[in-house]
Amino acid sequence: MNNLLAVGDQTTTQSFLQSAERWADKIRWQIPTKQGWEAVTWKNYRAKVCNIAAYLTHKGYSYPDKIG
């Protein structure tokens with residue numbers, strides 16, 4: 001098996017993507033704004049994660065690089 005973290009038979013990435021698909025329109029969390037609270041759905045969360053991953057890939061990072 002590779003070095004990717006696994007939950008059961010899935011990698012953590014697979015588990016995250018499956019959860020984001022299953023609960024796409026459900027609120028993942030809320031963030032405070034000047035107007036109150038803004039809901040972040042699983043769909044929005046997934047998009048943010050994918051955008052960051054694409055940016056890091058574009059910059060030349062790949063598994064197993066460490067980023068803090």
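Details
Matching residues to (1) at pLDDT below 95; (2) open to solvent by 90 Å² or more (accessible area, probe 1.4 Å); (3) among the acidic types (Asp, Glu); (4) part of a helix (DSSP H, G or I):
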{"position": "Met1", "(1), (2), (3), (4)": "yes, yes, no, no"}
{"position": "Asp25", "(1), (2), (3), (4)": "no, yes, yes, no"}
{"position": "Val40", "(1), (2), (3), (4)": "no, no, no, no"}
{"position": "Lys43", "(1), (2), (3), (4)": "no, yes, no, yes"}
{"position": "Arg46", "(1), (2), (3), (4)": "no, yes, no, yes"}
{"position": "Tyr61", "(1), (2), (3), (4)": "no, yes, no, no"}
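- First in the stretch 31-44 and under 17 Å from Ala20 (Cβ atoms), second anywhere and open to solvent by less than 70 Å² (accessible area, probe 1.4 Å) and among the hydrophobic types (A, V, I, L, M, F, W, C), Cβ under 7 Å, 6 or more apart: Val40/Ile31; Thr41/Ala24; Trp42/Ala20; Trp42/Ala24; Lys43/Ala20; Lys43/Ala24
- Residue that is least open to solvent (accessible area, probe 1.4 Å) [pool: residues in the stretch 48-59 that are over 19 Å from Gln14 (Cα atoms) and not in a loop (DSSP other than H, G, I, E, B)]: Tyr55
The values are calculated or read from the model by the stated rules, or taken from the named source; none is laboratory data. Just so we're clear, the structure is a prediction, and the values are computed from it rather than from any experiment. Ideal geometry is used to build each Cβ from the backbone, glycine not excepted, and the neighbour counts take in all protein chains shown. All accessible areas refer to the heavy atoms of the entire protein, side chains included, with ligands and DNA or RNA removed. Shrake-Rupley method; radii C 1.70, N 1.55, O 1.52, S 1.80 Å.
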